[in-house]
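Let me begin by presenting the structure, written as structure tokens, before commenting on it.
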Amino acid sequence: MTSVEEILATWLDKFKPHEDGALLPPHHDHCLACGPDNPHGHHLVVHRRGEEVHAVHVFDQRHVGAPGIAHGGAVATVLDDLFGFLLYLTGAPAVTRQLEVRYDSPVLLGVAYELVAKIVRAEGRKLFVEAEMRDTSGGLVAFASALFLRVDEAHFRQGASNSPPLARPI
């Protein structure tokens with residue numbers, strides 16, 4: 001079993017400098033979008049490129065909305081989590097305050113999409129971020145913008161007493 005305290009202990013270490021080109025570590029093993037041990041997750045794999053984060057993602061049958069098309073919430077989940085990897089570049093945790101997603105065309109299941117996110121600007125605790133999802137021909141499929149608020153470790157400890165330990169896979 002993994003407790004919230006154990007997750008936080010390793011998670012806070014991730015806010016250290018990562019070299020350009022580095023594979024960025026998942027937020028934690030059970031994260032819905034990037035956790036390798038979440039059987040329902042997206043298993044997002046993200047790299048740093050300069051001041052941006054990049055990923056290639058394929059939505060599968062677990063993420064279906066309309067037949068053959070990814071659910072908009074699944075797309076929003078991946079984009080929101082991609083923004084979370086930008087926080088490794090800032091050196092401090094933050095949380096989503098507002099997320100807006102514009103869907104320019106259907107996100108098809110079984111198709112590889114390129115995702116890129118960047119920080120547009122910072123104002124005190126506020127981080128303004130943007131991301132694009134493009135098909136392999138470069139066509140814009142979805143665009144997201146968000147406002148993140150920097151928080152301290154105490155913010156995440158609020159849920160520790162209400163969260164059961166996460167089971168490790170067998």
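Since every read-out is calculated from the coordinates, none of them should be taken as a lab result. The structure displayed is predicted, hence computed values, not measured ones. Because the Cβ atoms are built from the backbone with ideal geometry, glycine has one as well, and the counts that use them run over all protein chains shown.
Compute the normalised compactness of region 4-162: alpha-carbon radius of gyration over 2.2 N^0.38 Å, N being the residue count. Walk me through the numbers on the way to the answer.
Working: Rg = 15.3 Å, N = 159, 2.2 N^0.38 = 15.1 Å.
That works out to 1.02 for region 4-162.
Between Ala122 and His43, what's the calculated FRET efficiency when r is the beta-carbon distance and R0 is 35 Å? Round to 0.05.
Efficiency computed from Cβ-Cβ geometry: 0.75.
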For Thr96 and Ser137, what is the calculated FRET efficiency with R₀ set at 22 Å and r taken between the beta-carbons, to the nearest 0.05?
-> 0.15
Please give the net charge around Ala74, taking every other residue with its beta carbon less than 13 angstrom from that of Ala74, where Lys and Arg add +1 and Asp and Glu add -1.
-> -2
10 Å-binned pair-distance histogram of region 27-93 (Cα, whole percent) = 21, 51, 24, 4, 0
Among all the aspartates and glutamates, which ones have a C-alpha under 17 Å from Lys14's C-alpha, if same-chain residues fewer than 8 places away are not counted?
-> Glu5, Glu6, Asp29, Glu51, Glu52, Asp81, Asp152, Glu153
